[in-house]
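Each remark here refers to the structure printed beneath this line.
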Amino acid sequence: MAKKKNNIDWFGIVLSDTFGGGSELQQINFFKNLVKQNHYCMMICLGRKNMGCWEFMEQKGKVVYFPFGPKWIKLNFLLLYPYLIFVFSRYRIRYTFSTQTLINSAIGLFKRIGFLKKTKVVVRESNSIFKLLKGIKLKRYKLGYKIGYQKVDLVICQTVFMKEQLLESIPWLRSKKVVVIKNPIDLEDIAEKSKVPMPEISQSPPYIVAAGSLHPKKGFDILIDAFERIKDKWPKLNLYILGEGAQRPFLEEKIKTLNLHNRVFLKGFQTNVFPYFKSAEACVMSSRIEGFPNVLLQMMSQNNSVVSTLSAGGIDKIPGIYTCPTKDVEALAISMENAIVNDNSAKRAIFDEYLEKRSVQSFYERIKSYIE
């Protein structure tokens, strides 16, 4: 007699360590919303348990952690498949939600070969892949689309620009349900985290803050150059960069070369960025390219003086922020100056109204409307 399968409402996979970046944050927020609604969920985290980001799932679900780090998965993605065979053979899954292209492809492939016949597969594009990647890496992702996206039920793009470049590069996806749903933001969670007292901040001199992985696409080298242009106008002003990554040695050397070691500080990964955003003179997003920068919404939730490069579609439509072209040191410096000197108090109401339209519950309801 065949063993009865256990039922799972929603299933997901995250390709990162548990603290992750923007894509991981979207999955955390989405699954938190599901748990609050008493859905039984399961998550596979392709990294070791260390930061406690998924503990909330224990209320109404299960988390499986990989025994090795995400770098191994990136080197050999086939390591994921034995785990999926084990999970899909034991559980009856109603919906899947994933946010990275190669993971999306893996889940789509399992539906294509019959493991997930009755499962609705929802995938979200995390980046404008065809603007970000080239050469062998891009070919790998194109193969992922071809193998796994044939049977997905819904493809979510963060912006109209992202949807247009995806359909232009993968024309056969036009026959699929490809939609634009803007990134959600968990305002309730942010409100709680922003209340946490941070002695280091209260005792700090005035500062500008940026946040993200220390990766070339985040443009922190450009930000440091822009700060160097304005530092003499505000001799007590510092620059804090929150985040960690492979570009740390390069950025440290740049700070040293510009003699900014006592003005620019790489603060490392922070579990709670919101007190930093709240107390800053201005928040800056300096990226060269983004899918859509979730950190920009987080900054807007805490601070009235927000600067962003036009590194993703839709940023030019956000009301109240200071914008400038990407890779332009002078333009970024001018935008930072404007954010510091102008009275931005009236922007609080503008930002709040904009963010209220991007709740996690609204994001969930939009998805359900497309797949049911």
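The values are calculated or read from the model by the stated rules, or taken from the named source; none is laboratory data. What you see is a predicted model, and the numbers here were worked out from it, not measured in a lab. Glycine also receives a Cβ, built like all others from the backbone with ideal geometry; neighbour counts cover every protein chain displayed. Surface areas here come from the heavy atoms of the whole protein model, side chains and all, with no ligands, DNA or RNA. Shrake-Rupley method; radii C 1.70, N 1.55, O 1.52, S 1.80 Å.
Numbers for the structure displayed
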read-out: Segment 122-156: number of residues that are closer than 19 Å to SER287 by Cα and touching a strand residue (DSSP E or B) at 6+ places or on another chain (Cβ under 6 Å); value: 1
read-out: Some residue of segment 181-197 being modelled with pLDDT of 90 or more, over 30 Å from LYS256 (Cβ atoms) and in contact with a strand residue (DSSP E or B) (Cβ under 6 Å, 6 or more places away or on another chain); value: yes
read-out: Single unsatisfied condition, VAL306 versus (1) open to solvent by 20 Å² or more (accessible area, probe 1.4 Å); (2) closer than 20 Å to ASN238 by Cα; value: (1)
read-out: Unique residue being over 23 Å from the mean Cα position of the chain (by Cα), aliphatic (A, V, I, L, M) and closer than 23 Å to ALA331 by Cα when the list is LEU214, LEU239, LEU260, LEU251; value: LEU260
read-out: Pair list, Cβ under 6 Å, 6 or more apart: segment 301-321 residue more than 24 Å from GLU192 (Cβ to Cβ), other residue of a type in the set (Asp, Glu) and in a loop (DSSP other than H, G, I, E, B); value: SER311/GLU290; ALA312/GLU290
read-out: Wholly within segment 78-149, helices (runs of 4 or more DSSP H) carrying at least 2 residues that are closer than 20 Å to MET42 by Cβ and free of Cβ contacts under 8 Å to residues at least 12 places away in the same chain; value: 80-90
read-out: Positions within segment 309-357 being modelled with pLDDT of 95 or more, open to solvent by 70 Å² or more (accessible area, probe 1.4 Å) and basic (Lys, Arg), in sequence order; value: LYS327
read-out: Residue that is modelled with the lowest pLDDT [pool: residues in segment 163-180 that are open to solvent by 50 Å² or more (accessible area, probe 1.4 Å) and in a helix (DSSP H, G or I)]; value: SER175
read-out: Failed condition for TRP54, given (1) among the aromatic types (Phe, Trp, Tyr); (2) touching a Lys or Arg at 6+ places or on another chain (Cβ under 8 Å); (3) at pLDDT below 85; value: (2)
read-out: Lone qualifier among THR96, THR159 - being β-branched (Val, Ile, Thr), farther than 17 Å from GLY313 by Cβ, open to solvent by less than 40 Å² (accessible area, probe 1.4 Å) and out of contact with any Pro (no Cβ under 6 Å at 6 or more places or on another chain); value: THR96
read-out: Test for VAL35: is it in contact with a strand residue (DSSP E or B) (Cβ under 8 Å, 6 or more places away or on another chain), at pLDDT 80 or above, part of a helix (DSSP H, G or I) and surrounded by fewer than 20 Cβ atoms within 10 Å (Cβ to Cβ); value: yes
read-out: SER105 being closer than 16 Å to GLN27 by Cα and either modelled with pLDDT of 90 or more or surrounded by 16 or more Cβ atoms within 10 Å (Cβ to Cβ) (or both); value: no
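A quick yes/no check of all residues on (1) among the aliphatic types (A, V, I, L, M); (2) open to solvent by less than 10 Å² (accessible area, probe 1.4 Å); (3) at pLDDT below 90:
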residue	(1), (2), (3)
TRP10	no, yes, no
ILE13	yes, yes, yes
ILE28	yes, no, yes
MET42	yes, yes, no
